[in-house]
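S.K.: My structure is below; once you've seen it, I'll send some questions.
Just so it is clear, none of the values below were taken in a lab; they were calculated from the coordinates. If you're wondering where the values come from, they're calculated on a predicted model, not measured in any experiment. Neighbour counts run over all protein chains shown; Cβ positions are idealised from the backbone, glycine included.
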Amino acid sequence: MSDTDMIDAVVERHHRDGARLMQILRETQEQLGWLSPSTLTAIAEAIAWPRAMVEGTADFYSFFHTRPMGRYRVLWSDNITDRMLGNTDLMQAMCKKLWLEPGRVSEDGLVSVDTTSCTGMCDQGPAVLVNYRAITRMTPARVGEMVGLIRSEMPVAEWPAEWFSVDDNIRRKDMLLAHDLVPGQALAAALERGPEKMLAEIRDARLRGRGGAGFSTGQKWETCRNAEGNGSNAAHYVVCNADEGEPGTFKDRVLLTSHADLVFEGMSIAGLVVGAKKGLLYLRGEYRYLLEALESALATRRAAKLLGKNILDTDFEFDIEIHLGAGAYICGEESALIESLEGKPGRPRIRPPFPVTHGYLDQPTTVNNVETLAASCLIAAHGSAWYAQHGTEKSTGSKILSVSGDCERSGIYEYPYGVTVRQVLEDCGASDCQAVQISGPSGICVAEGEFDRRIAFEDIPTAGAFMVFDETRDMFEVARNFAHFFAHESCGFCTPCRVGTTLVRNLMDKIARQHGSPYDIDELFKLHRLMQGASHCGLGNSACNPIFDTLNKFRPAYEHRLMSLDYEPAFDLDAALSQARQMTGRDDAAAHLQNEAEA
Amino acid sequence: MNALINATLFPPKKLRVATTSLAGCFGCHMSFLDIDERILKLIELIEFDRSPLTDIKHCGPCDLGLIEGGLCNAENVHVLREFRTHCKILVAVGACAINGGLPAQRNHLDLRDVLEEVYQTEPGLSHGGVPNDPELPLPLNKVHPIHEVVKVDYFLPGCPPPADAIWKFLTDLLAGRTPTLGHGLLHYD
Amino acid sequence: MKTSNSEVSVQANAREARVKADRPAETKANNIFQLDGEDIPFRPGQTIMQAATHHGTYIPHLCWHPDFSAHGSCKLCTVKVNGRFGSSCTIAAQPGLDVENRTAELDDKRRTLLQMLFVEGNHFCPSCEKSGNCALQATAYELNMMSPHFDMFYPDRPVDASHPDILLDFNRCIMCALCVAASRDVDGKNIFYMGGRGLLGRRVHISSESGKLADTDFAVTDRAASICPVGVILPKRKGFAVPIGQRTYDLAPISKQVRDTTP
Ligand SMILES: Cc1cc2nc3c(=O)[nH]c(=O)nc-3n(C[C@H](O)[C@H](O)[C@H](O)COP(=O)(O)O)c2cc1C
Ligand code: SF4
Ligand code: SF4
Ligand code: SF4
Ligand code: FES
Ligand code: FES
């Protein structure tokens, strides 16, 4: 098949629908290796979009390439937990064996090796993605074998199957993970009640969003239900947010692996309540390996009349489409996610209007986290009274935590809301714990004196990440890893975050090089104050949280590294003469600059 | 102005001022001289230490240091540090000192390529190889504004700053006010 | 775009007259909010920025333009509305809002945002044709920005001289997307598009396979040719036409040239 025919076939499969652009780009790239200028032109023509818009989307996502990136693309997950498991050395070893610099494509166009943001395998790292397939538990031996397979150009599909195994690691089950529902049970109960009564149950259960913000699910569904559709394509939509990009979070991965029916059923219940016929599951690109299993779970549900027209022989109609993301943390933010669903770069929208009134295709849309939707099934099946008995007054039900880092048993822990940090640490076998980063880099860093605080909306709210750091860890390096994460993931739309995240990263690197001074610490505080108030979305607003927390709670980790109390140069002065030394061959005293000024 | 710069307000000791041009074009110094007859008033209040206007080679203890030009080579860094060590107040004067200015437009080129082109490959230029005389200061990989290397207390923008801006700036400073320029005097070009 | 001194003041006078004449008819007595203690009348549906601009009161801004819907990216227009930070170009005016605008706190933040914009690009005003007519520069003057403060990034950004009549120098782009809006909404050509991600990636794309402006149907008469608030999209052969001292912001500070329609 020629390239043009191939592109045509892909575009045709997606009904020449620009809103499917992300899928079109991914499938095209899976076949052609990269997205060349002429490929983008062909796609633009086929979906009748301006070419620049197609290029804008292709250019936005980390997993799309507008330049050839090698037949094998190895991406090392670079969360702090991967670092703690030694990913840096492993990646270096791999690059050395391949004669490669990180980020560069080998001269024969065979392979490139680079880092990527957390891939959600923190409980079984160090992890890599090879051609966007997840591989866990990297070891020096595996690196060696992998290099061999790449050199011999063995197709990734034929690599050892056990490399691709991803374990659930469920360590503690509570009401949700221990549910005994069969597919259709919760949905039948919801249909029995009808949308209004079902909504009332959700409200009475006081269910709140598990994606981070903790918004009342009942209120969200109600507003969406009451909003009129807009224009000639009036409709309502349900979106399941499975972007799970917050480093250290992997509980949605487990729900989608082992409880996909519960998630799809929750989406259907939401559809019933808000009056939607269509649901969209936005799956992060890192979880590409789950796509086929999820598609087949959908097919099974269709066959069982749990999706489609006349669901369970009622006149309720609902179906679900899966959209795969392409490596952009910002797409977890609900309005950026909707932009991405529409085939555009994941740029957060101006709000208001909110998605509940103007969401996907400008229609009323409820965006909910995977876990929120799964929990709604429990409420449908067992009622709000039963549900609200669990947890605390303001935080009903349970929360699934993704525990990783310095502990004996990392994995998935479900607790009723209200559990103390100390309890979780005990259960996961964490000794000599110094700090826990809860809810990921944008969450909070909890130090030893605070371990009696509780996981609950009224104390420590969380999207689920629970990264443990023992006394040997350097909390400055933890914060610096997060600073790099935010600089990499800022969407670049607004000034404070686009420039601020990079300034913060550079300052942290400067302090790490032992060239910092108290002036630089003041700068960090100043940037925090600016970005927190002026940024366009939650990413920029919270990007300095880990810096602020560690500066307050682990100040000496910064102070140890300061060069002096005096102002320090922004760059390494002696290194700034390197090129001239190289070109002149000089190495005399005058060919060097001391980094400290002579007194 | 005389009322402001009044002997009763100031101790009889003159303010000691040093100036220098790093990677600059002397435009700022020329502009300084453009304050014309006002320089006579100024001379009553200040005296010059190291400066292209004097013959003093090294900067001694000063109240005020005025730096024109950015950092292009190792020598610039040494001079800047000497100024920072000896001047209580250090002022970046002009676009080049403040953001690298025109010389910084080489920053998107690789210094090695530049040296190679100038000294080795470009026809019509001397082909003696890159000079390696230890007397010559080595160029920095990139041109930098001075605030990236030392703490700068005040900035006086312009390319060059107009004489009126320099006058306003200095008289504010002498009178103990935070210098402000305002519309018409604050210029980046 | 090119306006001489007298035109500006004539327009300003005309606007004031119109505002005064319009006010009783179009705003109800209770459609008023407070901006730094001043009463600002508004029509329902207007943003804080629109109402203030119509009233002749300056709120610093770069990516907002009266002829286009708000983009909300530069954040220069950040104000405090009833004590909370927000972008005045996107927040709807409502009766009784208490809005802080030119406070020391907010102007400090704005100055920092300007410094960010200056260091992320390459702004060498002395050699820029837009100097004196540039909104970024004029806003920096207004906010007394004396230095870029941060370390310079000196990015390597392209210049596109392919088009016969227009030069593009992306070294000065502030990502306001006004060119995108003008080309899409007025010219109907969709020649520009904001793409990329993060600090290094984010850029304006040109809608042609070569990425060159010459390979599009862009024309010097397009609205997009005259919309850029800084010195990216410049007409060729017209450099430095207005002498120093006579340029837009030589004549009066940007805060004294509040216009709610384009000249
Ligand atoms: C930068 C950013 C990233 C986010 N990432 C996620 C995510 O990966 N998953 C998620 O469910 N919510 C994420 N959110 C929160 C969503 O915007 C939204 O609040 C949530 O999906 C709503 O679902 P819920 O009400 O069920 O919690 C993110 C928010 C921000 C600002
Ligand atoms: S805060 Fe950051 S991620 Fe959010 S819109 Fe601004 S640049 Fe994009
Ligand atoms: S665009 Fe404006 S700020 Fe930038 S160099 Fe030109 S005049 Fe100066
Ligand atoms: S080119 Fe000009 S108008 Fe377009 S985004 Fe950049 S600064 Fe704005
Ligand atoms: S030397 Fe004065 S502005 Fe460049
Ligand atoms: S003017 Fe409001 S964000 Fe730019």
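S.K.: Run through all the Cα pairs of region A:400-543 and give the fraction in each 10 Å bin from 0, expressed as whole percent.
M.R.: Calculated P(r), rounded to whole percents: 11, 36, 32, 19, 1.
S.K.: Hey, which aspartates and glutamates would be in cross-link range of A:LYS399, C-alpha to C-alpha under 14 Å, not counting anything within fewer than 8 residues on its own chain?
M.R.: A:ASP174, A:ASP252, A:GLU371, A:GLU414, A:GLU458, A:ASP459
S.K.: Given N residues in region C:151-228, what is Rg(Cα) / (2.2 N^0.38 Å)?
M.R.: 1.07
S.K.: Determine the shape class of region A:213-322: with a ≥ b ≥ c the square roots of the Cα gyration tensor eigenvalues, call it rounded for a/c under 1.5, and otherwise prolate if a/b is greater than b/c, oblate otherwise.
M.R.: Oblate is the answer for region A:213-322, as a/c is 1.5 or above yet b/c matches or exceeds a/b.
S.K.: Taking beta carbons within 10 Å but only from partner chains, what does the mean come to for residues A:572-582?
M.R.: For this peptide, the per-residue mean of nearby foreign Cβ atoms is 6.
S.K.: Taking R0 as 30 Å, what's the FRET efficiency between B:ILE43 and B:LYS151 from their Cβ-Cβ distance, rounded to 0.05?
M.R.: So the FRET efficiency works out to roughly 0.55.
S.K.: Can you tell me the Rg and Dmax of region A:132-234, counting just the alpha carbons, in angstroms?
M.R.: Radius of gyration, then largest Cα-Cα span, for region A:132-234: 23.3, 61 Å.
S.K.: Next question. Give me the extension gain from A:ARG453 to A:TRP386: residue separation times 0.36 nm, minus the current Cα-Cα distance, reported in nm with one decimal.
M.R.: 21.5 nm
S.K.: Per-residue mean of other chain beta-carbon atoms within 10 angstrom of the beta-carbon, peptide C:150-158?
M.R.: That works out to 6 on average.
S.K.: Could you calculate, for chain A, the ratio of the Cα radius of gyration to the Kirkwood radius, expressed as Rg to Rh?
M.R.: 0.98
S.K.: Does anyone have the angle between helix A:475-489 and the longest principal axis of chain A? Alpha-carbon axes, 0 to 90°, nearest 10?
M.R.: Orientation of helix A:475-489: about 70 degrees from the principal axis.
S.K.: Which value, in nm² and rounded to one decimal, describes the direction-averaged projected area of the C-alpha convex hull of the protein assembly as shown?
M.R.: 46.7 nm²
S.K.: Same structure again: Within chain C, which DSSP H helices have Cα atoms that stretch 15 Å or more along the helix axis and a mean Kyte-Doolittle hydropathy of at least -1.0?
M.R.: Long hydrophobic helices here: C:104-120.
S.K.: Still on this structure, I have one more. For region C:191-260 and region A:555-597, compute the distance between their C-alpha centroids and round to whole Å.
M.R.: Using only Cα atoms to place each centre, the spacing works out to 40 Å.
S.K.: Debye calculation, C-alpha points only, no solvent: report log10 I(q)/I(0) for region A:72-167 at q = 0.13, 0.17, 0.21 Å⁻¹, in the same order as the q values.
M.R.: -0.37, -0.65, -1.03
S.K.: With the radius of gyration and the Kirkwood radius both derived from the Cα set of region A:472-585, what is their ratio Rg to Rh?
M.R.: Computed over Cα atoms, the ratio is 1.04.
S.K.: Using 1/(1 + (r/R0)^6) with R0 = 25 angstrom and r between the beta carbons of B:GLU117 and C:VAL159, what's the FRET efficiency to the nearest 0.05?
M.R.: Efficiency, rounded to the nearest 0.05: 0.80.
S.K.: Right, next: Would you work out the Kirkwood radius for region A:28-135? I mean one over the mean of 1/r across all pairs of different Cα atoms, in Å.
M.R.: Kirkwood hydrodynamic radius for region A:28-135: 15.0 Å.
S.K.: Please arrange A:LEU187, C:LEU114 by counting, for each residue, the other beta carbons lying within 10 Å of its beta carbon, fewest first.
M.R.: If I rank by nearby Cβ atoms, fewest first, I get C:LEU114, A:LEU187.
S.K.: Hey, what does the equivalent ellipsoid look like for region B:43-141, semi-axes from the Cα gyration tensor as sqrt of 5 times each eigenvalue, largest first, whole Å?
M.R.: After scaling each eigenvalue by five and taking roots: 33, 15, 11 Å.
S.K.: Further question on the same structure: For every other residue with a beta carbon closer than 15 angstrom to the beta carbon of C:ASP107, add +1 if it is Lys or Arg and -1 if Asp or Glu, then tell me the sum.
M.R.: Around C:ASP107, the surrounding residues sum to +3.
S.K.: Also, quick follow-up: If I take R0 = 25 Å and measure r between the Cβ atoms of A:PHE525 and A:ARG351 in this structure, what FRET efficiency does the formula 1/(1 + (r/R0)^6) give, to the nearest 0.05?
M.R.: The pair A:PHE525/A:ARG351 has a calculated efficiency of 0.35.
S.K.: Beyond 31 Å between alpha-carbons counts as too far, so tell me which of A:LYS173/A:LYS344; A:LYS344/C:LYS75; A:LYS173/A:LYS220 fall in that bin.
M.R.: Distance filter (> 31 Å) returns A:LYS173/A:LYS344.
S.K.: Rounded to the nearest angstrom and ordered from largest down, what semi-axes does the equivalent ellipsoid of region A:171-388 get from its C-alpha gyration tensor (root of 5λ)?
M.R.: Taking √(5λ) for each eigenvalue gives 23, 21, 17 Å, largest first.
S.K.: Can you give me the convex hull volume of the Cα atoms of chain C, divided per residue and expressed in Å³?
M.R.: Considering the Cα atoms of chain C, their hull volume per residue is 131 Å³.
S.K.: Mind putting together the pair-distance distribution for chain B? All Cα pairs, 10 Å bins, whole percent per bin, short to long.
M.R.: Percent of pairs per bin, in order: 9, 33, 32, 16, 7, 2, 0.
S.K.: Exposure proxy check: A:PHE316, A:PHE60 ranked by fewest other beta carbons within 10 Å?
M.R.: A:PHE316, A:PHE60
S.K.: What whole-number value in cubic angstrom gives the convex hull volume per residue for the C-alpha atoms of region A:3-57?
M.R.: Residue-normalised Cα hull volume stands at 63 Å³.
S.K.: Now for a different question. Which aspartates and glutamates, on any chain, are close to B:LYS14 with Cα under 12 Å apart, when same-chain ones fewer than 8 places away are left out?
M.R.: Cα-Cα hits under 12 Å: B:GLU44, B:GLU47, B:ASP49, B:ASP63.
S.K.: Okay, next question. For region A:343-421, what class follows from the C-alpha gyration tensor (a ≥ b ≥ c being the square roots of its eigenvalues): rounded when a/c is under 1.5, otherwise prolate if a/b is larger than b/c, else oblate?
M.R.: oblate
S.K.: Could you identify which residue out of C:LYS238, C:LYS80, C:LYS189 has the top mean-square fluctuation in a GNM of chain C using Cα springs shorter than 10 Å?
M.R.: C:LYS238
S.K.: While we're here: What nm value, rounded to one decimal, do you get for the distance between A:SER152 and A:MET1 when each label is placed 7 Å out toward the C-beta?
M.R.: Calculated label separation equals 3.0 nm.
S.K.: When chain B is modelled as a GNM with alpha-carbon springs shorter than 10 Å, which of B:PRO161, B:PRO139, B:PRO103 fluctuates the most?
M.R.: Per the Cα network of chain B with a 10 Å cutoff, B:PRO139 tops the list.
S.K.: Among the aspartates and glutamates, which have Cα under 12 Å from the Cα of A:LYS197 when same-chain residues fewer than 8 positions away are ignored?
M.R.: The reachable aspartates and glutamates, counting only those whose Cα sits under 12 Å from A:LYS197, are A:GLU222.
S.K.: Using the count of nearby Cβ atoms within 10 Å as a rough guide to exposure, how do B:ILE166, C:ILE227 rank from fewest to most?
M.R.: C:ILE227, B:ILE166
S.K.: Working only with C-alpha atoms, what are the Rg and Dmax values of region C:106-254, expressed in angstrom?
M.R.: 15.5, 43
S.K.: What is the log10 of I(q)/I(0) for region A:295-429, computed with the Debye formula using one identical point scatterer on each Cα and no solvent, at q = 0.14, 0.17, 0.21 Å⁻¹?
M.R.: Values, matching the q order: -1.01, -1.21, -1.19.
S.K.: Hey, could you pull the Cα Rg and Dmax for region C:53-166, both in Å?
M.R.: Gyration radius and largest Cα-Cα distance of region C:53-166: 16.2, 52 Å.
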